[in-house]
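Notes follow the structure.
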Amino acid sequence: MTKLTQIPPSWDFPVEDSPLPPESVSMIDFLSKKVLNDYEPSQFHPFRQRLLDWLNNVDSEEDQQHLLALLLKVFFVGRREFEALYRTVFHGNIFRWMLEVEDVDVFSNDLEKSIVNRVNKAWICPISDSLRINSFLKVNGLKSLDKRPDWRSLRQFGDVKKIQTYVEDKKIRDLVLLEDFVGSGTQAKGVVKFAAHALPETRILLCPLIVCPKGDEALIDTVSKLDNVTYDPALLLPSSAFHAYENIKANQATKAEKFLCGLKDKVGMPSEKQMFGFKQTGAKVVMYSNCPNNSLPIFHFESDTWTPLFPRVNRQ
């Protein structure tokens with residue numbers, strides 16, 4: 001098949017056995033203008049050009065339509081959506097937590113001012129450097145303390161005694177740990193256990209913005225063993241945002257999951273298992289700042305035979 005130079009308008013009116021829903025091309029056009037062009041790691045490479053390169057990874061029109069159908073089901077979190085999540089976390093999760101742990105009059109005319117003052121005295125920190133703590137504070141008009149280390153680094157390099165001394169000197173009673181995305185929970189659960197054991201007398205709120213079901217289960221189990229930690233995610237993703245490798249093993253795979261496995265060699269993965277991302281999370285999630293490695297590799301993995309749609313910025 002000749003390489004696509006544009007998405008055929010006829011795909012807006014798919015035939016009966018096509019994987020595409022009606023008006024797919026129109027929807028992609030709309031989304032590319034509204035959010036998909038915001039993808040930060042490729043800000044100088046327009047989305048429409050990346051999309052054509054990505055669809056041209058496969059040779060048949062049917063396979064190209066399967067790719068586009070998967071893209072249409074991606075949960076893309078743009079810059080504005082993140083700002084909305086920041087506000088939700090402050091006005092919802094943190095505000096609610098403060099009402100539970102503090103003795104305040106909920107009928108007071110100064111309730112919001114009182115809660116904001118208490119939140120400003122808390123130590124609000126990211127779990128990793130992927131969450132932009134300054135943006136969170138600015139969007140919500142918060143001050144917080146001037147030292148806001150990411151606790152993933154603090155766990156690796158920090159001196160527990162110095163952390164405890166800082167908390168004592170600043171009279172910190174509350175620690176709020178934020179993260180933009182939790183996939184399997186591997187990283188977050190280690191950090192929160194370190195924080196809870198380093199600061200046993202400090203009240204800790206663990207509040208990821210977006211959580212996958214596997215990560216949610218892992219964090220619920222971890223926090224159940226920690227007396228001073230409250231876990232309250234802002235957004236738990238539904239199962240429809242994922243594909244499961246377990247379905248392949250159980251011979252219950254959907255057409256989309258069989259299609260994914262069929263691309264193993266083309267993408268450059270050693271096994272079908274790796275086609276479902278880190279820890280086989282199988283997420284169809286992309287954030288404007290980066291694509292999580294828990295997401296399907298067809299979106300972010302790059303090899304000699306595969307051009308990604310959302311090139312991922314990896315850690316060493």
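The values are calculated or read from the model by the stated rules, or taken from the named source; none is laboratory data. Computed from a prediction, not measured in an experiment: that's the story for all the values here. Heads up, the Cβs are rebuilt from the backbone with ideal geometry, glycines too, and the neighbour counts pull from every protein chain shown.
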| query | Can you find a residue in segment 43-65 that is within 26 Å of residue 234 (Cβ to Cβ) and in contact (Cβ under 8 Å) with a residue 60 or more places away in the chain? | reply | no
| Long-range neighbours under 8 Å by Cβ, at least six apart or interchain, first residue farther than 16 Å from residue 148 by Cβ and in the same structural domain as residue 209 (by TED's automatic domain parsing) within segment 164-180, second crowded, with 17+ Cβ neighbours inside 10 Å and of a type in the set (Gly, Ala, Ser) | 164/198; 173/122
| query | Can you tell me which residue in segment 84-140 is farthest from the chain's Cα centre (by Cα), limited to those that are under 22 Å from residue 153 (Cβ atoms) and assigned to a loop (DSSP other than H, G, I, E, B)? | reply | 122
| request: Identify all residues within segment 69-127 that are crowded, with 20+ Cβ neighbours inside 10 Å and more than 22 Å from residue 209 (Cβ to Cβ); write none if there are none. | output: 71
| said: So for segment 99-118 (the condition being closer than 30 Å to residue 312 by Cα, in contact with a helix residue (DSSP H, G or I) (Cβ under 7 Å, 6 or more places away or on another chain) and not assigned by TED's automatic domain parsing to the domain that holds residue 32), does at least one residue qualify? | reply: no
| task | Can you give me the number of residues within segment 278-316 that are β-branched (Val, Ile, Thr), closer than 22 Å to residue 64 by Cβ and in a loop (DSSP other than H, G, I, E, B)? | result | 2
| task | Considering only residues that are charged (D, E, K, R) and not in a helix (DSSP H, G or I), look in segment 1-21 and name the one that is surrounded by the most Cβ atoms within 10 Å (Cβ to Cβ). | result | 3
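Of 284, 214, which residue is outside the structural domain of residue 200 (by TED's automatic domain parsing) and either of a type outside the set (D, E, K, R) or within 30 Å of residue 81 (Cα to Cα) (or both)? Show your work before the answer.
Working: 214 fails: outside the structural domain of residue 200 (by TED's automatic domain parsing).
Only one candidate passes the filter, namely 284.
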| request: Scan (1) over 26 Å from residue 136 (Cβ atoms); (2) among the hydroxyl-bearing types (Ser, Thr, Tyr); (3) in contact (Cβ under 8 Å) with a residue 40 or more places away in the chain for the single condition residue 32 breaks and write down its number. | output: (3)
